[in-house]
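Comments concern the structure below.
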Number of protein chains: 2
Amino acid sequence: MSEQYEVRLAGAGGQGLLLAGLILAEAAAIYDGKNAAQTQSYGPEARGGASRSEVIISDEEIDYPKVTESDLLLALSQEACDKYVRDLKRDGVLIVDTTHVHHVPSVRAYKLPITRIAEEATGRRITANIVALGVIVSLTKIVSRRAIEAAVSDRVPKGTQELNLKALAAGFEAAKGLMEPAK
Amino acid sequence: MSEQYEVRLAGAGGQGLLLAGLILAEAAAIYDGKNAAQTQSYGPEARGGASRSEVIISDEEIDYPKVTESDLLLALSQEACDKYVRDLKRDGVLIVDTTHVHHVPSVRAYKLPITRIAEEATGRRITANIVALGVIVSLTKIVSRRAIEAAVSDRVPKGTQELNLKALAAGFEAAKGLMEPAK
């Protein structure tokens with residue numbers, strides 16, 4: 001991992017991207033002892049139903065919390081994929097939810113039916129955000145597994161911890177079966 | 001209001017500053033049609049129990065979501081007040097919760113027992129964050145009253161809307177009695 005790692009989580013409103021961003025930032029800061037910043041931006045596109053959350057994780061203090069070129073893009077909608085893929089670094093990690101993204105504008109992508117995996121693992125499509133965290137952490141190791149589990153438990157609604165930890169585990173499991181995309 | 005308005009909400013963990021920041025940003029963007037960004041930063045100070053949330057509201061797109069010199073500082077703890085008052089603009093607005101802040105390092109401050117007002121209005125000290133939003137919006141008009149009420153209703157836990165709208169109204173009411181601080 002380079003000194004500062006920039007993650008963009010993008011999709012539609014209601015997909016829980018704000019919560020996913022907070023969990024990732026808290027895993028890094030509270031449980032792994034790093035610096036982290038989470039930014040939620042709202043603009044005209046928010047009124048169209050789009051949503052994005054950005055997380056920066058760093059060993060150093062974070063001076064500039066804006067993600068410009070991201071190291072990782074998670075795209076949970078076609079619109080988000082099309083819009084943000086151009087801001088991904090050349091060697092950045094692209095993860096797409098093939099439940100919603102049918103045209104992947106890069107051969108270098110990790111493709112997984114994240115929402116379908118969520119539905120199969122927990123019966124709740126709404127846990128796709130947590131499945132996605134499992135995939136991200138498994139592929140990148142930007143935070144420890146222990147840290148992300150603890151942060152998920154802290155932040156999800158009381159009574160849903162077990163369900164969400166199951167979703168997280170399903171994400172880790174699904175990522176194991178992935179081949180690294182062609183360079 | 002200048003083109004870009006920068007708000008820093010600072011205090012201790014558990015005072016609901018993240019939620020307050022999200023509500024303020026969503027009031028501006030979703031209900032008042034502006035651009036907004038909310039940033040939550042986590043560093044070594046987070047592990048000491050400090051917490052802060054920053055919100056930028058702008059008519060234009062926000063390129064740089066970091067608050068450096070804030071237009072407004074809400075301080076819900078002595079530590080937060082001491083630390084961030086130096087980053088307030090010279091003509092910035094300082095609002096302190098005198099329930100927790102006993103030494104105010106500026107004559108130019110709006111002083112209110114925000115946590116005590118919360119307790120009196122709703123019986124719940126935890127609604128101090130929402131009382132604070134009422135005070136901020138009443139004093140600055142950075143978002144409309146209709147927008148902040150709608151955003152509070154959206155974001156607070158189901159079943160607590162009425163309680164929190166009461167806290168918000170108490171904040172508006174308390175701010176009315178304030179004199180503008182000496183220049």
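The values are calculated or read from the model by the stated rules, or taken from the named source; none is laboratory data. Source: prediction; values computed, not measured. Note that each Cβ is placed from the backbone with ideal geometry, even for glycine, and that neighbours are counted across all protein chains shown.
Please specify each residue of the range A:139-162 satisfying the condition of being surrounded by 15 or more Cβ atoms within 10 Å (Cβ to Cβ) and either touching a Lys or Arg at 6+ places or on another chain (Cβ under 7 Å) or in contact (Cβ under 8 Å) with a residue 60 or more places away in the chain (or both).
Passing the criteria: A:140, A:142, A:143, A:147, A:148, A:150, A:151, A:152, A:155, A:156.
Given the criterion out of contact with any Gly (no Cβ under 8 Å at 6 or more places or on another chain), more than 14 Å from chain A (Cβ to nearest Cβ), without any contact (Cβ under 8 Å) to a residue 40 or more places away in the chain and within 20 Å of residue B:16 (Cα to Cα), identify the matching residue among B:96, B:104.
Numbers: B:104 fails: within 20 Å of residue B:16 (Cα to Cα).
Residue meeting the stated conditions: B:96.
Check off (1) in contact (Cβ under 8 Å) with a residue 24 or more places away in the chain; (2) assigned to a strand (DSSP E or B); (3) within 14 Å of chain A (Cβ to nearest Cβ); (4) not β-branched (Val, Ile, Thr) for residue B:41 and give me the number that stays unchecked.
Against the list (1) in contact (Cβ under 8 Å) with a residue 24 or more places away in the chain; (2) assigned to a strand (DSSP E or B); (3) within 14 Å of chain A (Cβ to nearest Cβ); (4) not β-branched (Val, Ile, Thr), residue B:41 comes up short only on (1).
Out of the range B:28-38, which residues are touching a residue at least 60 places away in the same chain (Cβ under 8 Å), facing chain A (nearest Cβ under 8 Å) and not small (Gly, Ala, Ser)?
Listed by number, the list holds a single entry, B:30.
Report yes if some residue within the range B:55-66 is facing chain A (nearest Cβ under 8 Å) and either without any contact (Cβ under 8 Å) to a residue 24 or more places away in the chain or in a strand (DSSP E or B) (or both); otherwise report no. Outline the logic, then answer.
Narrowing the range B:55-66 to residues facing chain A (nearest Cβ under 8 Å): B:61-66.
From the residues that got through so far, the ones that are either without any contact (Cβ under 8 Å) to a residue 24 or more places away in the chain or in a strand (DSSP E or B) (or both) too are B:63-64.
Checked against the condition, which is being facing chain A (nearest Cβ under 8 Å) and either without any contact (Cβ under 8 Å) to a residue 24 or more places away in the chain or in a strand (DSSP E or B) (or both), the range B:55-66 yields at least one hit.
Going residue by residue through the range B:8-27, is there one that turns out to be facing chain A (nearest Cβ under 7 Å) and surrounded by fewer than 22 Cβ atoms within 10 Å (Cβ to Cβ)?
Within the range B:8-27 (the criterion being facing chain A (nearest Cβ under 7 Å) and surrounded by fewer than 22 Cβ atoms within 10 Å (Cβ to Cβ)), the answer is no, since none of the residues qualifies.
Being out of contact with any Pro (no Cβ under 9 Å at 6 or more places or on another chain), surrounded by fewer than 23 Cβ atoms within 10 Å (Cβ to Cβ) and either under 24 Å from residue B:171 (Cα atoms) or of a type in the set (A, V, I, L, M, F, W, C) (or both): is that true of residue B:104 here?
Details: out of contact with any Pro (no Cβ under 9 Å at 6 or more places or on another chain): yes; surrounded by fewer than 23 Cβ atoms within 10 Å (Cβ to Cβ): yes; either under 24 Å from residue B:171 (Cα atoms) or of a type in the set (A, V, I, L, M, F, W, C) (or both): yes.
So residue B:104 fits the description; yes.
List the number of the failed condition for residue A:89; all other conditions in (1) modelled with pLDDT of 95 or more; (2) surrounded by fewer than 19 Cβ atoms within 10 Å (Cβ to Cβ) hold.
In the conditions (1) modelled with pLDDT of 95 or more; (2) surrounded by fewer than 19 Cβ atoms within 10 Å (Cβ to Cβ), residue A:89 misses (1) alone.
Please enumerate the residues belonging to the range A:166-180 that are over 16 Å from residue A:22 (Cα atoms) and either modelled with pLDDT of 95 or more or in contact with a strand residue (DSSP E or B) (Cβ under 6 Å, 6 or more places away or on another chain) (or both). Give the derivation first.
Our first condition is that a residue be over 16 Å from residue A:22 (Cα atoms); within the range A:166-180, this holds for A:166-167, A:169-180.
A:166, A:167, A:169, A:170, A:171, A:172, A:173, A:174, A:175, A:178 - these are the residues of the range A:166-180 that are over 16 Å from residue A:22 (Cα atoms) and either modelled with pLDDT of 95 or more or in contact with a strand residue (DSSP E or B) (Cβ under 6 Å, 6 or more places away or on another chain) (or both).
Conditions first: (1) touching a strand residue (DSSP E or B) at 6+ places or on another chain (Cβ under 8 Å); (2) in a loop (DSSP other than H, G, I, E, B). Residue B:36 passes all but one, so which condition is the exception?
(2)
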